[in-house]
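Trainee: I have a structure here, written as structure tokens, and I will follow up with some questions on it.
Where a number appears in this text, it was derived from the coordinates with a stated rule and is not lab data. The shown structure was predicted, so the numbers you read here are calculated from the model rather than taken from an experiment. Quick reminder, even Gly has a Cβ in these numbers, built from the backbone with ideal geometry, and neighbours come from all protein chains shown.
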Amino acid sequence: MKKTEIKTEELWGEDLYNVFAHYINEEGWLTAEWADIIEKEVPRWDKNYNDNPEYKNTYSRMYNTEFEDNEKGDMIRPFA
């Protein structure tokens, strides 16, 4: 793992980093359209059609994290 990946994982936390790792750039920025990524990457239900707790927890963590916006307002990252 690269040094920048370690720092980015620390910034986002392990759980969120695991969901968004392929979408976070080298500076730790993620698109402000993160909900679309959750819908794509985290199944809402398991194979038996039970709620997937990772889905709910990912949304909860994102809503409870304070973010800074980039200058354009199209990217976010947690306050360091």
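Trainee: Put one equal scatterer on each alpha carbon of the chain, apply the Debye formula with no solvent term, and list log10 I(q)/I(0) at q = 0.11, 0.12, 0.13 1/Å to two decimals.
Mentor: Cα-only, vacuum Debye calculation for the chain: -0.29, -0.35, -0.41.
Trainee: In addition: Excluding residues on the same chain fewer than 8 positions from residue 40, give the aspartates and glutamates whose Cα lies under 14 Å from its Cα.
Mentor: Those aspartates and glutamates meeting the cut-off are 54.
Trainee: About its Cα centre, how strong a charge dipole does the stretch 3-78 have in debye, to the nearest 20, once Lys and Arg get +1 and Asp and Glu get -1 at the Cβ?
Mentor: 240 debye
Trainee: Separate question: Given a cut-off of under 8 Å on Cα pairs at least six residues apart, what relative contact order in percent is computed for the stretch 3-78?
Mentor: 32 percent
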